[in-house]
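Data first, discussion second: the structure below is written as structure tokens.
The values are calculated or read from the model by the stated rules, or taken from the named source; none is laboratory data. Fair warning: this is a prediction, and the values are worked out from it, not measured in the lab. Note that each Cβ is placed from the backbone with ideal geometry, even for glycine, and that neighbours are counted across all protein chains shown. Side chains are part of the model used for accessible areas, which takes the heavy atoms of the whole protein and leaves out ligands, DNA and RNA. Shrake-Rupley method; radii C 1.70, N 1.55, O 1.52, S 1.80 Å.
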There are 2 protein chains.
Amino acid sequence: MDFAKMNGLVPAVVQDDATNEVLMVGFMNDAALARTRERGYVTFFSRTRNALWAKGEISGNRLAVVALFVDCDEDTILARVRCEGEGRVCHTGERTCFFRTLEEIEEVA
Amino acid sequence: MDFAKMNGLVPAVVQDDATNEVLMVGFMNDAALARTRERGYVTFFSRTRNALWAKGEISGNRLAVVALFVDCDEDTILARVRCEGEGRVCHTGERTCFFRTLEEIEEVA
């Protein structure tokens, strides 16, 4: 993997293996990717907390890895997952973080 | 949109609206997003070329926007698209940039 382009990070897209919904995008560094593979659950690197972030560890909405894909230039991960717990991946309680269109955001703003 | 977290860029995930395949991930700055909306075709900001990049302009494999979603913290775009041309989104000629698993890459390396 090419971690150099983004100062040690690569974007990681999470897709529901059952529904094909795109659930969220996070970032992984080398250690986050290693832990994701080791444990079989998605671990990100949190840019705001500057630490590994085992997604769903507290809420129970963990993301079990079904398969990990890499893009052509090896600087992006696609994780196909099975959602555990209530399957509410977004911290707002929605199933996916992408629950609003750009137009919907602008109407509120 | 929050462009500040990544020095003016946000990741943009491209998903085929017909098949739900994740096709590629690029980056957009404010101008790339504006042009994407204006023209109805995905335009990225190329980090390597440091310029706007109208995806498929030369190859004909353009990405017509069906809908643009934004994630909960407004720092990532999900573009649902209709592929034009031969639908070979990846520069390698594949339909998607995510055509290999992490294991497949490691076997080659």
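Descriptive notes on the structure:
- Sulfur and carbon atoms: percent of accessible area, chain B [1.4 Å]: 47 percent
- In chain A, the beta-carbon sitting nearest the axis that superposes A on B belongs to the residue given here with its distance in angstrom, A:N20, 2.
- Amide H contacts of A:M28 (H built 1.01 Å from N, under 5 Å, at least 5 apart or other chain): A:V10, A:A12, A:F45
- Computed with a 1.4 Å probe over protein heavy atoms only, the accessible surface of the protein assembly as shown comes to 48 Å² per residue.
- Rounded to whole Hz, the Karplus (6.51, -1.76, 1.60) HN-Hα couplings of region A:57-72, x for glycine and proline: 4, 8, 6, x, 7, 7, 10, 7, 6, 9, 7, 10, 10, 10, 7, 4
- FRET efficiency estimate (nearest 0.05) - Cβ-Cβ, B:K5 to A:D73, R0 30 angstrom: 0.85
- Each principal axis of the Cα cloud of chain B was taken in turn, and the coordinate range along them, longest first, works out to 39, 29, 28 Å.
- Inter-centroid distance (Cα atoms) of region A:1-46 relative to region B:1-58, Å: 20 Å
- Using alpha-carbon coordinates, inclination of helix A:30-39 to the longest axis of chain A, degrees: 80 degrees
- Pairwise label distance in nanometres, A:E103 with A:E38, each label 7 Å out on the Cα-Cβ vector: 4.7 nm
- With N as its number of residues, the protein assembly as shown has a Cα radius of gyration that, divided by 2.2 N^0.38 Å, comes to 0.96.
- Length available on full extension from A:A31 to A:R49: 0.36 nm per residue minus the Cα-Cα distance, which gives 5.0 nm.
- The value of relative contact order for chain A, using C-alpha pairs under 8 Å at least six residues apart, is 26 percent.
- Share of alpha-carbon pairs per 5 Å distance bin for region B:54-109, given as whole %: 4, 17, 18, 18, 15, 16, 10, 2
- 3J(HN,Hα) couplings calculated from phi for region A:87-93 with the Karplus curve 6.51 cos²θ - 1.76 cosθ + 1.60 (θ = phi - 60°) are, in sequence order, x, 9, 6, 7, 5, 7, x Hz; Gly and Pro show x.
- Within straight-line reach of A:K55, meaning a Cα separation under 25 Å, sit the following lysines at least 8 residues removed in sequence or on another chain: A:K5, B:K5.
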